[in-house]
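Below is one structure, written out as structure tokens; the observations come after it.
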Amino acid sequence: MTDATTISPKEVGHGEVAGGSSIAPDAGMSPFEQRIIQLAKEFPKGIPGKILQNDMPTTVSADERAIVINKLLAQGILDIYKQGNELLYKLKGGKSSEPDQIKDADNEEKVVFDIIKEASNMGIWIRDIRLASNLTLSQLNKIVKSLETKKLIKAVKSVAASKKKVYMLYGLDPHRSLTGGAWYSDQDFESEFVTILNQQCFKYLSDKRQQAQANVDDVGPKAKMAIALTTLDDLWKYICNLGISKVELTPEDITSILNTLIFDGKVEKIRKGDLEYYLAAEPMLETTGLIQVPCGVCPVIKDCSERGLVNPGSCLYMNNWLSSEF
């Protein structure tokens, strides 16, 4: 369904739609049937009803034409769609790969199933299914529940609109724009996980730059920078090998982390030809020890007091900071 909207078979007036495979005209078909199939090949986006009517001999009545069309629909040779106020008849392509449950379903279920199938892993809202199917809300709710019970479709919540559900085929994995990708778990943003990835990416780039500075003393600054450069693929493999993620991370996920580091001024992106490299940024001025006091970013500072369980004297962050060399 690309340029048209699937409609309920009730609008045809006769027969019923059934799953099946597209077949070529053969000797067992009437000349009328063969001509309709030929027209469907000439109009791959669908035969408009007016063209179908005008192409037929004047001796063929509207009832006879409807009987033959519905026969082709019932055999699974044609599909029927609605584009605006016009009906289109389209030749089905290839053998049907639909589950047995939908092959045995009634016409309305097949229409709803096809609409949801067309939405792929982006899913479709119930309102859009209703507009495309021309079914009443009560009919549609009953059909959707039936398809869910048969495990033909499933409802998925979107992180962008948690109160709205979209429907897709049962075996599909939702698109990352619906689930939020690696950064969301059960509709909740995993801020701690993102922070850990941010730290690990920066640590890798920073360590590589320090190693380049320490181990190569007899070359110029350009050569040192070239050694410190890191590709996205290298950083992605490093993060995956750490095993800190319970979900599979993609290079795009690491790119989004790197972008936050770039915006923070901690990392630079350098392009050489068609390749992109990442480099830990070297600060223009050395930061003072006071700026690095852990109290400013301490997650439990509100619970910290001189005599409390959390106190400066036993603070691990404070002890690490005091023992650091500046």
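The values are calculated or read from the model by the stated rules, or taken from the named source; none is laboratory data. Since this is a predicted model, take the numbers as computed values, not measurements. Backbone-built Cβ (ideal geometry, glycine too); neighbour counts: all protein chains shown. Heads up: the accessible areas ignore ligands, DNA and RNA and are worked out on the full protein's heavy atoms, side chains in. Shrake-Rupley method; radii C 1.70, N 1.55, O 1.52, S 1.80 Å.
Couple of notes before you dig in:
- Answer residue from the stretch 250-277, given it is among the charged types (D, E, K, R), part of a strand (DSSP E or B) and over 26 Å from the mean Cα position of the chain (by Cα) and is surrounded by the most Cβ atoms within 10 Å (Cβ to Cβ) among those: E268
- Boolean, G123 is open to solvent by 50 Å² or more (accessible area, probe 1.4 Å), modelled with pLDDT of 85 or more, within 24 Å of the chain's Cα centre (by Cα) and outside the structural domain of I80 (by TED's automatic domain parsing): no
- G15 vs. criteria under 25 Å from L131 (Cβ atoms), modelled with pLDDT under 75, open to solvent by 20 Å² or more (accessible area, probe 1.4 Å) and touching a Lys or Arg at 6+ places or on another chain (Cβ under 8 Å): yes
- Pairs, first within 16 Å of E276 (Cβ to Cβ) and in the same structural domain as V194 (by TED's automatic domain parsing) in the stretch 227-242, second surrounded by 19 or more Cβ atoms within 10 Å (Cβ to Cβ) and among the β-branched types (V, I, T), C-beta under 6 Å, six or more apart: L235/I254; W236/I254
- Taken over the stretch 178-193, the residue count meeting the criterion of being under 16 Å from D253 (Cα atoms) and open to solvent by 30 Å² or more (accessible area, probe 1.4 Å) is 9.
- Index of the failed condition, K151 passing every other in (1) under 13 Å from the mean Cα position of the chain (by Cα); (2) of a type in the set (D, E, K, R); (3) part of a loop (DSSP other than H, G, I, E, B): (1)
- In the stretch 87-106, residue nearest to N134 (Cα to Cα) [restricted to those that are open to solvent by 30 Å² or more (accessible area, probe 1.4 Å), touching a helix residue (DSSP H, G or I) at 6+ places or on another chain (Cβ under 8 Å) and at pLDDT 70 or above]: L87
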